[in-house]
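The values are calculated or read from the model by the stated rules, or taken from the named source; none is laboratory data. These numbers were taken from a predicted model, which means no experiment stands behind them. Don't worry about glycine lacking a Cβ; one is built from the backbone with ideal geometry, like all the others, and counts go over all protein chains shown.
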Amino acid sequence: MTKKNQFFDDVAKVAGGALSAIGGLKEETENLVKQRVEKFINRQNLVTREEFDVIKEMLSNIQREQILIKKKIKELESDNKNSNESVPKQKKPRSRQKKT
């Protein structure tokens, strides 16, 4: 009976050691994959999330400004059109050309 218990104890120790080795291998593999992915990303010259968010905010601000500028242009064009309608057109004087 003690030999059976000793056998199971030995099997449990070997299995525990194997699981520990597999766990260490798993961590080492994860670290290696992470390093390779980071190296690949760095070579691709990608932007960070923070940089992306800053540029996105800048673009949003520019778009808002563009909308305001377009509205202002339309207002100015409308004002100009209205002022032109209220003022009678004047004839432009002809420029005299010298006869040679």
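Data for the structure
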| item | result |
| --- | --- |
| Residue check, Gln66 at negative phi, modelled with pLDDT under 80 and not hydroxyl-bearing (Ser, Thr, Tyr) | no |
| Boolean, Val11 is at pLDDT 80 or above, surrounded by 10 or more Cβ atoms within 10 Å (Cβ to Cβ) and β-branched (Val, Ile, Thr) | no |
| Residues (modelled with pLDDT under 95 and of a type outside the set (Lys, Arg)) located in region 36-50 | Val37, Glu38, Phe40, Ile41, Asn42, Gln44, Asn45, Leu46, Val47, Thr48 |
